[in-house]
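All remarks here apply to the structure that follows.
Nothing in this text is a laboratory measurement; each read-out follows from the coordinates by a stated rule. Remember, predicted model here, so these are calculated numbers, not experimental data. Neighbour counts run over all protein chains shown; Cβ positions are idealised from the backbone, glycine included.
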Amino acid sequence: MTDTLRIAVIGAGYWGPNLARNFRASPHWELAAVCDLDADRAARLAGPGSGVRVTTSVESLLADDSLDAVAIATPAATHHDIACAALAAGKHVLVEKPLADTSGRGEAMARVATENSLVLMTDHTYCYTPAVLKIRELIDEGALGDILFIDSVRINLGLIQPDVDVFWDLAPHDLSIIDFVLPGGLRPLSVSAQGADPLGAGKACVGYLTLPLQNGAIAHVHVNWLSPTKIRTMIIGGTKRTLVWDDLNPQQRVSVYDRGVDLETQSLDGIERRAAAISYRLGDTWSPALSEREALDSMAAEFATSIRERRAPRTDAGSGLRVLEVLEAASRSLAANAVVTYPVAPQAAVLQTQLAGERA
């Protein structure tokens, strides 16, 4: 393996061109090949005279021993087979979200990566935006205090997908962000989903997810294909401060409010009770400076660094599996109109994390 890693992009449809563009521009990577069932589409993405190999055969591509890694940008139902074949061929693998179409297949992918001592990374792109990286930094340093609630809204007049509902289409973004910024990742106590299909499309077009968290905190995700207004916001309330992320406000994406509610305790007859008086904090509001860097550029750099340092990437298979488990629980909740207890962490993700620590 040379200083510059060689990568192939599998899938030249919607997301593949974004990946190819960033790997081509990255100092860490050489875009070596593009693979797609449509040879003309793959050739257009590779570019005339670029020297980038074009192929329609995944099997032929994976036989190339000079390739260090592949990036998979194909339908979710194909992720498992392609990723496992690539890992078995000794390639590190990046997979666009969701990691797989089921958590069982995702666990199998993680297991193969562990067995072959290779990096399996989930492309949770939003986690590499300057805004979300800053949010994670502020939470890690304790600037918000203990997290009390997370309220996320992702709505717009969007394309109704033929194969998935609004939860599987839009909520992975919000769930991956919450998983990324919360210490220990997203591990709700239960999952409750409510959805509506007012158009008769045969699937939920409007949805609400309620996720009770540890220590009495709660997260709520609202997704909607039918809103004429596009909104991308997340509010994270803590015991010290509250943070507001507005992804559609380039001048002030992140705002931190030194405001909140304090409930003092007092001892009455030797028993600790909440005081009737409530105090409100009305402090300053400030916006941290954010760097101007494309998220996919940061993601490509993280993928290369994790390979070189032989460690798990920031959005590893474990993060992809945690998001998948919540989505599956949401589907069960929606079908049964019931609250679903959240399952334990996938064993494959635990094994991969342990192996990454050993390699480091």
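Based on DSSP, what percent of beta bridges with both residues in segment 127-286 are antiparallel, to the nearest 5?
Taking every DSSP beta bridge with both residues in segment 127-286, the antiparallel ones total about 85 percent.
Within segment 16-31, whose backbone N sits under 20 Å from a point 7 Å along Cα→Cβ of ASP3?
The answer is 23-31.
Could you work out the percent of alpha carbon pairs in segment 24-181 separated by over 19 Å, rounded to a whole number?
Of all Cα-Cα distances in segment 24-181, 64 percent exceed 19 Å.
Mind listing the long-range amide H neighbours of PHE149? Cut-off is under 5 Å, sequence gap 5 or more, other chains count too, H placed in the peptide plane at 1.01 Å from N.
Counting only residues 5 or more places away or on other chains, the set is ILE218, GLY237.
Just going by the charge dipole of the chain, with Lys and Arg at +1 and Asp and Glu at -1 on Cβ, which of ALA143, VAL166, ALA100 is farthest out on the positive end?
Value: ALA143.
Using modelled backbone amide H atoms (1.01 Å from N, in-plane), which distant-in-sequence or interchain residues come within less than 5 Å of ARG53's amide H?
Under 5 Å from the amide H of ARG53: ALA33, VAL34.
Under the rule of -39500 (n - 2.57) per DSSP H run of 4 or more residues, summed and divided by the residues of the chain, what mean residue ellipticity at 222 nm is obtained, to the nearest 500 deg cm²/dmol?
-10500 deg cm²/dmol, from helical runs alone.
Roughly how far apart, in whole Å, are the Cα centres of segment 294-332 and segment 180-226?
So the two Cα centres are separated by 20 Å.
With everything on Cα atoms, drop me the angle between helix 103-115 and the longest principal axis of the chain, reported from 0 to 90° to the nearest 10.
Relative to the chain, helix 103-115 is tipped by roughly 60 degrees.
Got a sec to turn the phi values of segment 64-79 into Karplus ³J(HN,Hα) couplings, 6.51 cos²θ - 1.76 cosθ + 1.60 with θ = phi - 60°, whole Hz, x for Gly and Pro?
In residue order, the calculated couplings are 7, 5, 7, 7, 8, 7, 10, 10, 9, 10, 10, x, 4, 5, 9, 4 Hz.
Angle, helix 347-359 long axis vs. longest principal axis of the chain, Cα atoms, 0 to 90°, nearest 10?
Its long axis makes an angle of about 70 degrees.
Under a plain spin-label model, where a point goes 7 Å from the Cα along Cα-to-Cβ, how far apart in nm are GLU292 and ALA88?
According to this spin-label approximation, the distance is 4.8 nm.
Convex hull volume of the Cα atoms in segment 127-286, per residue, in Å³?
Taking only Cα atoms, segment 127-286 has a hull volume of 155 Å³ per residue.
For the Cα atoms of the chain, what angle does the longest principal axis make with the long axis of helix 166-181, in degrees from 0 to 90, nearest 10?
70
Per residue of segment 55-61, in order, report the coupling 6.51 cos²θ - 1.76 cosθ + 1.60 (Karplus, θ = phi - 60°) as ³J(HN,Hα) in whole Hz, putting x for Gly and Pro.
8, 9, 10, 5, 4, 5, 4
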